[in-house]
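The values are calculated or read from the model by the stated rules, or taken from the named source; none is laboratory data. Fair warning: this is a prediction, and the values are worked out from it, not measured in the lab. Note that each Cβ is placed from the backbone with ideal geometry, even for glycine, and that neighbours are counted across all protein chains shown. For accessibility, only protein heavy atoms count, side chains too; no ligands or nucleic acids. Shrake-Rupley method; radii C 1.70, N 1.55, O 1.52, S 1.80 Å.
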Amino acid sequence: MTAASLKVVYRLPLALAMVILLGLLFALLGDGFWDVVSWLLLAVPLLLLAFFLRRPSPRPGRGEVL
Amino acid sequence: MAQLSAKTVRNWYRLHKWTSLICTALLLMACITGLPLVFQDELDALLEPHVAPAKVEAGATTASLDPMIAQAQARFPALHPFSIGFDDDEPRIFVNMSPSDDPKKGEIRQMIFDAHTGKLLEVPKDGFDLTSFLLQLHSEIFLGLPGELTMGVMALTFVLSLVSGALVYGPFMRRLEFGTYRRNGAKRTRWFDLHNLLGIVTLAWALVVGATGVMNALSTPLFGLWRAQTLPKILAPYHGKPVPTHFRSVDESVKQVSAALPEMEVTAVVFPNSVFSSPRHYLVWAKGKTPVTSRLETPTLVDVENGAVTMSGGLPWYLRILELSRPLHFGDYGGLPLKIIWGLFDTALIVVLVSGLYLWLSKRKSPIERELNHLVERELLQQAGTV
């Protein structure tokens, strides 16, 4: 993989940050329905983590140099 | 985005390393004690079952407060009434008795009454309380105000470490895909990936909890500031008058405040107090009824002698921010699912801390730093060559 521009590297993290902030806000601003919206939004980063941690490594041992 | 110089990245990396090292130990403690504290209500219900209030129909009238206070005074003649609290979840009223205006931990004695029938429910025993113990450790490491301020500085350092961590994330991830986790890689590689992945995904949550942690740690000085700003003006007309000894009815005072603030409900009454409140007033706290306004409490002072409502109005902006910081720090504002989410984010943060510590301990002069040093040298040489 060639070096990506920083804009590309930060695209997903920024999107996730927005999802989290909206999730935190919705539960604060409303009850009932908005709580559910908040849970769903906040579940996104957690499910994403579960996905990345469980997915098999595509090319084992690659990129050992840090 | 402009090209970053290796020197800039190295500075961010150093900032990340040092801020993290400063706060890791206490932060780890805060994360571990914070995990059960997220479920404080559930734990309390489980560990310390309390006498349930009587079941009543909706709209039942509230019992009178004055007899409760008289009963508490008779039970604890050596103490004086300190405050009254209205339970959020159940129709219960807490009457707190104290030996002084500035009670130490464990000196307050409580009596709990049924809010509808007015009957005494129980007098909690003065025993070990796990969640209060954890909260004291979490918020002040058993050191009182100095401990609170220390935790505040830690939280601030944590925020700096998050920001600098996010800044170094970009340059380090340019050759790696988002979400890279080389589970079959070397141990260090695995921990490095775990640190980056968990850190960047939970970043916004951690920033919010860190920043609200700073605010919560400042609550004592902020309330002190507010008191110092408002109280002298309110007490000025009383100058030279003796301190009141006879207090008027609490019920009447609460009724007055309720009438003045029809959109709100009373949550607590603080008795005249020269440390936390006014020595001449009942301090009546009331909150709104919508999700947001229920987090914003409004204080009203009622003269204990003539019942004049001396001050009514909102709090200054810094206390409003403090009030909103509480739910956003505790995660107790969106039901049990939100608490579970809070717990999972907190667990992820613990892994970020431990992996960061591992990365630092495993190789003091880590390859990352050596690499950066090379890059900086090369950059300097290049600059020298072009001049």
Those helices (runs of 4 or more DSSP H) completely within segment B:1-77 that have 2 or more residues that are touching an Asp or Glu at 6+ places or on another chain (Cβ under 9 Å) and more than 27 Å from B:Val250 (Cβ to Cβ) are B:6-38, B:40-47
Strands (runs of 3 or more DSSP E) within segment B:271-387 that include 3 or more residues under 29 Å from B:Asp41 (Cα atoms) and more than 14 Å from chain A (Cβ to nearest Cβ) = B:281-287, B:297-303
Counted residues, segment B:153-164 - those being buried (at least 21 other Cβ atoms within 10 Å of the Cβ) and over 21 Å from B:Asn196 (Cα atoms) | 1
Looking only at segment B:178-198, which residues are facing chain A (nearest Cβ under 7 Å), open to solvent by 40 Å² or more (accessible area, probe 1.4 Å) and not small (Gly, Ala, Ser)?
-> B:Tyr181, B:Arg183, B:Asn184
Members of segment B:202-248 that are more than 14 Å from chain A (Cβ to nearest Cβ), free of Cβ contacts under 8 Å to residues at least 40 places away in the same chain and farther than 23 Å from B:Glu140 by Cβ = B:Pro232, B:Lys233, B:Ala236, B:Pro237, B:His239, B:Gly240, B:Lys241, B:Pro242, B:Val243, B:Thr245
Say we look at segment A:1-11 and pick out the residues that are in a helix (DSSP H, G or I) and exposed (fewer than 15 other Cβ atoms within 10 Å of the Cβ); which of these is nearest to the other protein chains (Cβ to nearest Cβ)?
-> A:Lys7
Could you look through segment B:101-119, keep only residues that are without any contact (Cβ under 8 Å) to a residue 60 or more places away in the chain and within 18 Å of B:Val269 (Cβ to Cβ), and pick out the one that is surrounded by the most Cβ atoms within 10 Å (Cβ to Cβ)?
-> B:Phe113
Regarding A:Phe52, is this residue part of a helix (DSSP H, G or I) and open to solvent by 50 Å² or more (accessible area, probe 1.4 Å)?
-> no
Count, please, the residues in segment A:17-38 that happen to be outside any helix (DSSP H, G or I) and open to solvent by less than 50 Å² (accessible area, probe 1.4 Å).
-> 2
The correct count of residues that are more than 33 Å from the chain's Cα centre (by Cα) and among the β-branched types (Val, Ile, Thr) in segment B:42-60 is 1
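Right, A:Leu14: at the interface with chain B (Cβ under 7 Å from one of its Cβ atoms) and assigned to a helix (DSSP H, G or I) or not?
No.
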Residue satisfying condition, being outside any loop (DSSP other than H, G, I, E, B), of a type in the set (A, V, I, L, M, F, W, C) and over 25 Å from the mean Cα position of the chain (by Cα), within set B:Phe192, B:Phe178, B:Phe158 = B:Phe192
